[in-house]
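Here the structure is laid out as structure tokens; the discussion comes afterwards.
Readers should treat all values here as calculations from the given coordinates under stated rules, not as data from a laboratory. All figures in this text were calculated on a predicted structure; none of them were measured in a lab. Here the Cβ is made from the backbone with ideal geometry for all residues, glycine too, and neighbour counts use every protein chain on show.
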Number of protein chains: 2
Amino acid sequence: MKDNKFQREALQVKEAQAKIIKYANPLESEDVSLDECCGRYLAEKVIAPHPFPAFNRSSMDGYAIIAGDTRNCVNGQVVWLEIVDNIPCGAVPAVDITPGTAARIMTGAQVPVGADAVVMLEVTERREEEGKTYVGIRKKLEANSNITPQGFELSQGDLVLPTGRLISAGDIAVLAAFGLHTVKVYRRPKVAIFATGTELLEVHEPLEPGKIRNSNSPMLEALVKETGGVSVMLGAIVDDLELARSKVQMALETYDFVITTGGVSVGDYDIMGDLVREQSGNMLFNKVTMRPGSVTTAAVRGGKLLLALSGNPGACFVGFQLFARPVISLMQSASKPFLPEWSATLGTDYKRVNNFTRFVRARLEIKDGSLFAYPALIDESSVTVTIKDSDCLIVVPPEEKGLSAGDKVTVIKLPG
Amino acid sequence: MKDNKFQREALQVKEAQAKIIKYANPLESEDVSLDECCGRYLAEKVIAPHPFPAFNRSSMDGYAIIAGDTRNCVNGQVVWLEIVDNIPCGAVPAVDITPGTAARIMTGAQVPVGADAVVMLEVTERREEEGKTYVGIRKKLEANSNITPQGFELSQGDLVLPTGRLISAGDIAVLAAFGLHTVKVYRRPKVAIFATGTELLEVHEPLEPGKIRNSNSPMLEALVKETGGVSVMLGAIVDDLELARSKVQMALETYDFVITTGGVSVGDYDIMGDLVREQSGNMLFNKVTMRPGSVTTAAVRGGKLLLALSGNPGACFVGFQLFARPVISLMQSASKPFLPEWSATLGTDYKRVNNFTRFVRARLEIKDGSLFAYPALIDESSVTVTIKDSDCLIVVPPEEKGLSAGDKVTVIKLPG
């Protein structure tokens with residue numbers, strides 16, 4: 001049941017995304033040590049096992065006192081309190097504080113029972129008398145001064161981090177504070193990458209007339225890693241349908257997700273298109289109303305996803321960001337699988353028109369608190385060099401008249 | 001020659017940054033393979049070794065022709081050209097195109113000599129006559145239609161990527177296209193991380209009264225990695241000046257950069273402060289007019305930098321971003337060693353005032369093309385939880401009156 005190559009049913013990008021992510025199921029979880037979890041996705045929610053801080057903590061170097069003892073500190077009057085303890089960080093106070101007494105205390109140390117304020121060292125004086133030491137205070141203190149109370153940041157049982165959270169350095173600080181030295185995260189998806197095309201040379205090969213080096217596979221390899229996946233480079237598929245079918249089938253059985261680049265347009269050698277069409281029941285889409293990358297094709301076989309991206313570098317890049325990134329992210333149960341969409345002002349006219357939505361490589365600038373997006377000077381689908389200089393994609397809806405500088409646009413923020 | 005602990009000469013943040021980066025010299029370079037260079041910094045500029053594309057390339061599946069042959073295609077008139085060649089991708093054209101002839105050509109294939117346009121397959125027809133095959137064209141074509149000329153993206157000798165460039169997935173595509181399978185990058189700095197303080201428990205240890213788990217070291221480990229460095233975890237320094245001195249000395253001799261956390265304020269056990277003060281000739285600064293982290297201290301010994309960050313988690317984080325990040329980046333010769341500063345509008349009032357510049361953890365929102373920054377509800381220097389929820393730091397200058405919603409502010413964009 002072969003479709004006509006030229007008669008493809010075109011889906012909107014959001015429709016195509018909805019179709020493909022249905023099959024992007026979270027993988028199993030695994031335990032990793034705290035020092036390996038940055039950039040991974042949490043596979044369990046983290047609940048505070050104890051209040052944080054766990055005790056009333058001094059936020060100053062100084063003296064723990066009863067604030068009421070300073071009530072007479074007016075008009076330069078000094079109150080003298082007997083120093084009955086010395087509490088370095090990490091120590092347990094030996095003595096409770098009672099009226100008329102104080103304890104020397106360090107920043108971060110546990111405030112002793114009885115004390116309800118800490119007076120900072122710099123505003124105190126000290127004297128000795130009959131073998132006892134006293135601290136002199138000249139300033140009236142409010143209760144709770146310079147104390148961070150137990151549970152100030154989190155109470156026991158509070159949600160600290162939700163499932164599907166991308167773990168950052170700041171998260172690691174909190175996990176460490178709660179003693180979580182191993183962390184349950186989703187396994188990284190193993191993503192197989194194929195290129196197709198007899199025109200492709202390996203990167204290390206010398207240039208030959210008519211040929212180009214395979215630049216999409218190394219780019220996809222880096223993009224897969226950036227998205228948290230493990231790239232498995234499976235080389236090039238030559239233009240032999242039988243061989244292509246068995247290679248792709250093997251990859252689908254062995255890996256979590258298969259991405260190919262090239263071989264999906266309407267030419268005679270569009271092997272990936274042929275391969276998907278021959279089992280059209282499994283095809284999710286083979287045309288998307290987008291530029292570049294309208295030929296982007298996806299299929300599902302035995303529960304595994306096959307994404308066939310265009311061989312044009314620009315289209316391959318955009319197709320990865322729109323379709324592969326959410327799939328790889330959702331396999332790790334990411335709470336935010338799509339790239340963020342921001343609003344911005346168009347910095348210069350953009351007059352290329354199309355009946356498909358265009359994803360234009362562009363650069364963001366921030367001026368006086370406002371975002372401006374500048375389209376790349378050349379953004380043909382086949383162009384490679386502007387990928388590296390872009391930090392967003394401007395979403396240009398199908399338009400008769402193009403867009404003018406000053407128009408409001410939606411941009412998709414690229415990572416990094 | 002001990003300074004008085006309380007009498008420190010305070011530097012502005014920019015002054016302190018200028019002092020420390022003077023000693024952040026680029027490390028040696030090393031060759032890595034293309035698949036390992038993403039996120040590294042280029043140690044040589046990349047010059048295009050050949051034009052890109054290397055040949056006139058068809059951007060369509062169709063027929064390579066001489067545009068002039070279609071000059072009579074008006075009012076539905078069809079011109080018939082003899083098909084003399086078939087050029088798949090990667091092939092070298094066998095025949096030059098002369099008036100009256102055409103070659104079947106694939107997207108991405110080399111345009112034959114003589115042809116100056118490609119007509120797309122979908123608008124052509126085909127017929128056979130006396131053993132010859134002809135293509136019928138109904139539409140007048142302009143010269144250069146559907147051809148991407150040699151050197152369209154880059155000419156031979158063009159600068160492709162400058163030294164100090166952080167290599168992205170898009171850069172990898174270009175490096176691959178030019179056959180650069182190994183890439184010269186700066187070595188990753190080895191950054192030793194110490195914590196100080198007898199109050200610290202290891203992450204795996206059960207909580208004890210008065211003690212806290214060391215959360216700064218794992219956070220710094222993740223931040224160093226994020227900045228391209230290699231973290232070397234050297235545990236905790238106990239409060240013994242002699243031991244601390246020898247440990248820090250060993251680390252300075254062995255690694256490229258030493259970061260400590262804790263032990264820099266004015267308490268009795270502020271061992272890092274003591275250690276730096278005892279050789280004050282080497283001290284770069286021990287007070288910065290910033291909150292949090294005013295006690296941030298830096299010294300240089302034997303040409304190596306020692307950065308002593310505050311033990312307060314918020315201050316440790318901010319100190320890393322302002323001082324350690326540029327150092328680690330510059331050791332890799334980064335062209336942009338500092339985090340980007342953006343302008344934004346303050347989303348809510350911020351009324352905490354201080355005579356020092358405050359770096360307030362905050363969250364960015366984009367509404368209708370404008371950036372709004374929302375300060376974290378609690379941003380005490382000792383607070384850990386708001387680090388993870390912040391994507392920027394609002395720079396609050398020393399102010400008498402605080403800031404109001406709607407005020408323009410500068411924010412430092414955090415990575416990720």
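Tabulated data for the structure shown
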| quantity | calculated |
| --- | --- |
| Shortest-first distances to equivalent copies, position A:Leu207, nm, label 7 Å out along Cβ | 6.4 |
| For the stretch A:334-344, Karplus couplings with θ = phi - 60° (6.51, -1.76, 1.60), whole Hz, Gly/Pro x | 4, 6, 10, x, 9, 5, x, 9, 10, 9, 8 |
| Lysines with Cα under 22 Å of B:Lys287, excluding same-chain neighbours fewer than 8 positions away | B:Lys2, B:Lys5, B:Lys14, B:Lys19, B:Lys22, B:Lys304 |
| 3J(HN,Hα) from dihedral phi, the stretch A:125-130, Karplus parametrisation 6.51/-1.76/1.60, rounded to Hz, x for glycine, proline | 10, 9, 8, 10, 7, 6 |
| For the stretch B:218-300, average projected area of the Cα convex hull in nm² | 5.9 |
| Anchor B:Lys190: aspartates and glutamates whose Cα lies under 19 Å away (excluding residues fewer than 8 positions away in-chain) | A:Asp35, A:Glu36, B:Glu28, B:Glu30, B:Asp31, B:Glu36, B:Glu221, B:Glu226, B:Glu253, B:Asp256 |
| 5 angstrom amide H check on B:Leu284, placed H, neighbours 5+ away | B:Ala298, B:Ala299, B:Val300 |
| Chain A residue with Cβ closest to the axis mapping A onto B, distance in whole Å | A:Ser370, 3 |
| Charge tally in the Cβ shell below 12 Å around A:Val46, where Lys, Arg are +1 and Asp, Glu are -1, A:Val46 excluded | +1 |
| Three-way shape call for the stretch A:140-216 based on the alpha-carbon gyration tensor, with the a/c threshold at 1.5 | prolate |
| Fraction in percent of alpha-carbon pairs per bin - 20 Å, chain A | 22, 36, 21, 16, 4, 0 |
| For the protein assembly as shown, average projected area of the Cα convex hull in nm² | 39.1 |
| Computed label-point distance, nm, for sites B:Glu122 and B:Val95 using a 7 Å Cα→Cβ extension | 2.8 |
| The protein assembly as shown - charge dipole about Cα centre, Lys and Arg +1 at Cβ, Asp and Glu -1, debye rounded to 20 | 1180 |
| Cβ-based net charge around A:Ile378, under 10 Å, with every Lys or Arg adding one and every Asp or Glu removing one | -2 |
| Computed P(r) (all Cα pairs; the stretch B:317-414; 10 Å bins; percent) | 16, 46, 30, 8, 0 |
| Exercise: per-residue mean of other protein chain Cβ atoms within 10 Å, B:376-388 | 5 |
| Value of [θ]222 nm, deg cm²/dmol, for the protein assembly as shown, DSSP H segments ≥ 4, -39500 (n - 2.57) each, nearest 500 | -4500 deg cm²/dmol |
| Packing-based exposure ordering (other Cβ within 10 Å, fewest first) of B:Lys184, A:Lys211, B:Lys45 | B:Lys45, B:Lys184, A:Lys211 |
| Computed Rg/Rh of the stretch A:193-335, alpha carbon atoms with Kirkwood Rh | 0.94 |
| For residues of A:134-142, the mean tally of beta carbons on other chains within 10 Å | 0 |
| Net charge of Cβ neighbours under 13 Å - reference B:Val288; Lys, Arg +1; Asp, Glu -1 | +4 |
| Shielding by other protein chains, B:368-374, mean Cβ within 10 Å | 5 |
| Candidate lysines for bridging to B:Lys408, where Cα separation is under 20 Å - those fewer than 8 sequence places away on the same chain excluded | A:Lys367, B:Lys351, B:Lys367 |
| Fewest-first ranking of B:Ser329, B:Ser381, using other Cβ atoms within 10 Å as the exposure measure | B:Ser381, B:Ser329 |
| Sorted by Cβ density within 10 Å, fewest first, the residues A:Thr296, A:Thr345 | A:Thr345, A:Thr296 |
| Unit Cα scatterers, Debye sum, the stretch A:57-148: log10 I(q)/I(0) for q = 0.15, 0.22, 0.26 Å⁻¹ | -0.46, -1.02, -1.41 |
| For the stretch A:79-96, 3J(HN,Hα) per residue [Karplus equation, 6.51 cos²θ - 1.76 cosθ + 1.60, θ = phi - 60°, Hz, x = Gly/Pro] | 9, 10, 10, 6, 7, 10, 7, 9, 10, x, 4, x, 8, 9, x, 8, 9, 6 |
| Distant-in-sequence amide H partners of A:Ile87 (H built 1.01 Å from N, under 5 Å) | A:Arg104, A:Ile105, A:Met106 |
| Sites B:Asn282 and B:Asn355, calculated FRET efficiency, Cβ-Cβ separation with R0 30 Å, nearest 0.05 | 0.60 |
